[in-house]
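Scroll down for the structure; my scribbles are underneath it.
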Amino acid sequence: MSIDSDFFLKSLPEGDKNKVSVLQQVTKQVMGERVEGEVFLNSVPEKSEFQYLDESIKKSKTSKDLKFTNFIANNRNENIKMCLEKLRADLNIVITSDGVLKPIEINKRFQNCLSLYIDPVNGDDTFLQSDIRDLAGGQIGVRVYFRFDLDPVTFMPVYVIVLIDPHHLVFPTPFKGKKVAEVVKEKYGTNAGSGHCMSAYL
């Protein structure tokens, strides 16, 4: 995945003679080699910021139409709770967990799920996904989606968390021989009635 140059150039002050060089420097410093669809970090600048878009991102929501929920059950989902607590302890985990960032192919479902929290996606926005794994490093973990921005004053990267998906319902995949539609129906059906907000662990 490449960083959209127009987006970053628009973010910088008008008349800045170093726009292109700053963009190239940040892109080279932050994004590394793309291998099999994944982006490996070369390094993260020390002054990078990691933050939530706002406090509403921590609040769980449910959409019957989308078959999406990020509520969790109070009497189960212990691995999910553990992952959320790891995120609370260190926001940098969205970068350092596995050391891998996955580029997001923005599709209609992603846009619809994201619209529960933010305004419609700007075509120039760059979104990334990070998996916070459970202790066993398995599939039972939390997916965090964030927008990659550039501070217009300092030119330093800002990683903005915009969506948290504990049940992997944003980009569902086939699982144990079940088709995507079956996986979504099962996961949503299992968790839709859960009334425990994830903010309790964030």
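Only one entry in 142, 183 is farther than 18 Å from residue 87 by Cβ, open to solvent by less than 30 Å² (accessible area, probe 1.4 Å) and at pLDDT 90 or above, namely 183. Only a single item in (1) under 16 Å from residue 166 (Cβ atoms); (2) open to solvent by 20 Å² or more (accessible area, probe 1.4 Å); (3) more than 16 Å from the chain's Cα centre (by Cα) is not met by residue 117, and it is number (3). Tallying residues that are among the hydroxyl-bearing types (Ser, Thr, Tyr) and surrounded by 14 or more Cβ atoms within 10 Å (Cβ to Cβ) within segment 164-180 yields 0. Scanning segment 65-91 for residues that are part of a helix (DSSP H, G or I) and among the basic types (Lys, Arg) gives 81, 86, 88. On the basis of being acidic (Asp, Glu), closer than 16 Å to residue 57 by Cα and either at pLDDT 90 or above or assigned to a loop (DSSP other than H, G, I, E, B) (or both), does residue 124 make the cut? In short, no. Applying the criterion of being at pLDDT below 80 and aliphatic (A, V, I, L, M) to the residues of segment 145-167, the residue that is farthest from residue 78 (Cα to Cα) is 153. Considering segment 99-119, and only residues there that are in a loop (DSSP other than H, G, I, E, B) and closer than 19 Å to residue 58 by Cα, the residue that is modelled with the lowest pLDDT turns out to be 119.
For residue 57, state whether it is at negative phi, modelled with pLDDT of 75 or more, part of a helix (DSSP H, G or I) and open to solvent by less than 50 Å² (accessible area, probe 1.4 Å). So residue 57 fits the description; yes.
The values are calculated or read from the model by the stated rules, or taken from the named source; none is laboratory data. Being a predicted model, the structure only gives us computed values, none of them experimental. In this analysis, Cβ positions are derived from the backbone assuming ideal geometry, glycine residues included, and neighbour counts consider all displayed protein chains. Calculation scope for accessible area: heavy atoms of the full protein, side chains included, ligands and nucleic acids excluded. Shrake-Rupley method; radii C 1.70, N 1.55, O 1.52, S 1.80 Å.
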